[in-house]
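Please read the structure below before turning to the comments.
The values are calculated or read from the model by the stated rules, or taken from the named source; none is laboratory data. Please read these numbers as outputs of a predicted model, since none were measured by experiment. Counting neighbours? That spans all protein chains shown, and the Cβs are built from the backbone with ideal geometry, glycine included. Just so you know, the surface numbers come from the protein's heavy atoms only, side chains and all, with ligands and any DNA or RNA stripped out. Shrake-Rupley method; radii C 1.70, N 1.55, O 1.52, S 1.80 Å.
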Amino acid sequence: MKYIKIILFIIPITVFGQNLTTEKSYSFWNSIIVDYAINNKVYIKNEAHFRRTSFLKEWQQILIRPSIHYKSNETLDFAVGYSFAKNYKPTHNFNENNVWEQVTLSHMSGKSNFKHRFRFEQRFIDQVTEVTPNVFKTNETDFKMRFRYRFTFQIPLFTVYDNTKVKGVVFDEIWLNTDSGIVPKSLNQNWFYVGLSYPILKNTFIGLGYMNDYVSTTTNHFRNNHILQTTLKFHI
């Protein structure tokens, strides 16, 4: 019963105003995540994300995200990283480069694992203008900041082999635009995910699940993105 309460707590609740409009999209996101331990405290990590939308017809985003982590103990993990994102739009493409700082807190309760991830991003986003009809040019870079908080709940479900278990995973992540400091200004987007993590080899896992990305595109306009997501993780 307590797990049902937890899941109900983290499901995003959206309040619609009178003038808000929401569009739907359907996407397929694939991720490869590799981490390598330098010693028992420090490890490096790299992520590659390939995201398509409109039932696989169009690219939505390609993202590369390397980072370095310091694991103080089983509870506390510090990280700094960099992200490069190539974003695709019907009329033009644009890039974003950002650097970020992150703290992750982990704890166990019985067989369940809980994580709280706090990430603060400094973003450099290409600003694209239409110089002539259907001809676009990047003429400057816009600087923005964003705060992200993710709560993850993970529980083993059943044994596959050699005491290796398939795990159920649920997370919710809220993204907030900030002012010049870290004070939240507006909602950027919200992710809700539910899926399974399956061990296919030693230190290799594959994840499969559904994610809902509710994102603010412009003032009073939102996109509700329904996503089938796969994730392949390697621990070296």
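What to note about this one:
- Cβ pairs under 6 Å, 6+ apart, first in region 27-55 and over 30 Å from E74 (Cα atoms), second small (G, A, S) and exposed (fewer than 14 other Cβ atoms within 10 Å of the Cβ): none
- Restricting region 216-235 to residues that are modelled with pLDDT of 90 or more and of a type in the set (V, I, T) leaves a set whose member that is least open to solvent (accessible area, probe 1.4 Å) is I227.
- Top-ranked residue of region 174-183 - restricted to ones that are in contact with a strand residue (DSSP E or B) (Cβ under 7 Å, 6 or more places away or on another chain) and loosely packed, with under 14 Cβ neighbours inside 10 Å, ranked as nearest to S216 (Cα to Cα): D179
- Pair list, Cβ under 7 Å, 6 or more apart: region 210-232 residue under 16 Å from Y26 (Cα atoms), other residue open to solvent by 30 Å² or more (accessible area, probe 1.4 Å) and assigned to a loop (DSSP other than H, G, I, E, B): Y214/P12; Y214/T14; F222/L20
- Between Y149, Y161, Y210, the distinction of being open to solvent by 30 Å² or more (accessible area, probe 1.4 Å), closer than 20 Å to E23 by Cβ and either aromatic (F, W, Y) or in contact with a Cys (Cβ under 6 Å, 6 or more places away or on another chain) (or both) belongs to Y210 only.
- Considering only residues in region 192-207 that are open to solvent by 20 Å² or more (accessible area, probe 1.4 Å) and out of contact with any Gly (no Cβ under 7 Å at 6 or more places or on another chain), the one that is farthest from D162 (Cα to Cα) turns out to be F192.
- The conditions of being more than 16 Å from H116 (Cα to Cα) and in contact (Cβ under 8 Å) with a residue 40 or more places away in the chain are met by S197.
- Taken over region 95-118, the criterion of being under 28 Å from V166 (Cβ atoms) and either among the charged types (D, E, K, R) or not in a strand (DSSP E or B) (or both) is satisfied by G110, K111, K115, R117.
- Restricting region 73-108 to residues that are without any contact (Cβ under 8 Å) to a residue 12 or more places away in the chain and over 30 Å from T132 (Cα atoms), the residue that is surrounded by the most Cβ atoms within 10 Å (Cβ to Cβ): M108
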